[in-house]
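Only one structure is covered here, and it is reproduced in the block below.
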Amino acid sequence: MTTQSTLHTATPTLAPVMMVGHGSPMNAIGDNRARQGWQQMGEILGKPRAIVAVSAHWLTAGLHVRRSTDNVQINDMYGFPSALYQVKYAPASDLAVADEVLRLLGDGAQIDNNWGIDHGVWSVLCNMYPDADVPVVMVSTDGHATAQRHYEVGELLRPLREQGVMIVASGNVVHNLGRVNWRMTDGYDWADSFDDAIKQAILAGDFQQAVHYDRIAGYELAIPTSEHYMPLLTALGAVHQGERVTVWNDYRELGSMSMTSYVFGK
Ligand code: ZN
């Protein structure tokens, strides 16, 4: 289920970078492939000092950072079974890490404590780290930024890794809600081919292909709106050239949703 590619020698002391496809909120509970992958990856990676989480579901004008000692859980999903709303997940935050994030981002970011851990983040982390004992600092997705800017935000955040902070970007490489088919357990051809093109670019270390996703056939269907895709670019920006990449949860479902996820540097 996983593919690994080592292009050069990775630096072993760095915390890893993750791009995780979260998909339907229902992946948080019950028996499903995504959840199994998240549980396994949590065990493989172990616990970092803290996580900086970049969420597709915290969509803002400009880049926002929560700076607080705590986190509130945001149930930003509607019409799902009540069992999903029983999930409680609100790990502490870390002021020192939040301050470091703000310092690295400089004038390009602002403090905003009106958001917390949304389902794009808690659905994944409550399975990776079920004891909620890894502090999480939330960073938004800037809906006004260019693809290149999202990549550069990752570059700015990259030094966090030297301090044991894992960067977790949560979105989906292919995400077209208008085309979701709840009966499909795989992907449409266009979803498979776009997801594969991105994967091949990443495995080749050609991250600029991912930045220029609008040159890839089928991008209009794969990325009708860009907020779920952009976290991938922030993750890629935080990767050093030649670091090991692990592809996991490599599948499509509901026709128009890619769950394909990546870990770099571990
Ligand atoms: Zn989502």
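The values are calculated or read from the model by the stated rules, or taken from the named source; none is laboratory data. Just so it is clear, the model here is predicted, and its values are computed rather than measured. Every residue, glycine among them, receives a Cβ derived from its backbone with ideal geometry; neighbour counts consider all protein chains shown. Heavy atoms of the whole protein, side chains included, go into the accessibility calculation; ligands, DNA and RNA do not. Shrake-Rupley method; radii C 1.70, N 1.55, O 1.52, S 1.80 Å.
Results, tabulated for the structure shown:
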| read-out | value |
| --- | --- |
| Selection from 263, 42, 157 lying farthest towards where the dipole of the chain points positive, charges on Cβ | 42 |
| Gyration tensor verdict on segment 175-266 (Cα atoms; rounded if a/c is under 1.5, prolate if a/b is larger than b/c, oblate otherwise) | prolate |
| Rounded to the nearest 10 Å², the accessible area of residue 137 at probe 1.4 Å | 0 Å² |
| Chymotrypsin sites (Phe, Trp or Tyr not before Pro) restricted to DSSP loop in segment 157-197 with at most 10 other C-beta within 10 Å | 182 |
| Estimated vicinal HN-Hα couplings, Hz - segment 119-126 in sequence order (Karplus 6.51, -1.76, 1.60; Gly, Pro = x) | 5, x, 9, 5, 4, 7, 5, 5 |
| Cα-centred dipole magnitude for segment 4-264, charges only on beta-carbon of K, R (+1) and D, E (-1), debye, nearest 20 | 220 debye |
| P(r) tail fraction, the chain - alpha-carbon pairs more than 23 Å apart, % | 46 percent |
| Net +/- balance of residues flanking residue 143 in space, Cβ distance below 13 Å, scoring K and R +1, D and E -1 | -1 |
| Accessible area in the full protein assembly, largest first, 1.4 Å probe, for 252, 161, 33, 244 | 33, 244, 252, 161 |
| 5 angstrom amide H check on residue 254, placed H, neighbours 5+ away | 184, 185, 186 |
| Sparse-neighbourhood loop sites, trypsin sites (Lys or Arg not before Pro) in segment 60-102 - DSSP loop, at most 10 other Cβ within 10 angstrom | 88 |
| For residue 167, distant residues with modelled amide H under 5 Å away | 18, 52 |
| Karplus 3J(HN,Hα) series, Hz, for segment 137-144 with 6.51 cos²θ - 1.76 cosθ + 1.60 (x for Gly, Pro) | 10, 8, 10, 7, 9, 7, x, 9 |
| 3J(HN,Hα) from dihedral phi, segment 36-51, Karplus parametrisation 6.51/-1.76/1.60, rounded to Hz, x for glycine, proline | 4, x, 5, 4, 5, 5, x, 6, 5, 7, x, 9, x, 4, 7, 10 |
| Fraction of accessible area attributable to carbon and sulfur, the chain (%, probe 1.4 Å) | 49 percent |
| Whether segment 116-238 is rounded, prolate or oblate, judged on the alpha carbon gyration tensor where a/c under 1.5 counts as rounded | oblate |
| Residue 49 accessible area, assembled protein chains, probe 1.4 Å, Å² | 110 Å² |
| Solvent accessible area, Å² - residue 60, 1.4 Å probe, full protein context | 20 Å² |
| DSSP-assigned coil residues among chymotrypsin sites (Phe, Trp or Tyr not before Pro) in segment 70-172, each with at most 13 further Cβ atoms within 10 Å | 78 |
| Neighbourhood charge, 11 Å Cβ-Cβ cut-off, centred on residue 95 and excluding it, Lys, Arg +1 and Asp, Glu -1 | -2 |
| Over the chain: helical MRE at 222 nm, DSSP H runs n ≥ 4 each giving -39500 (n - 2.57), nearest 500 | -8500 deg cm²/dmol |
| Where 138, 26 fall by accessible area, highest first, once all protein chains stay in place (1.4 Å) | 26, 138 |
| Over the chain, relative contact order from alpha-carbon pairs under 8 Å, at least 6 apart, % | 34 percent |
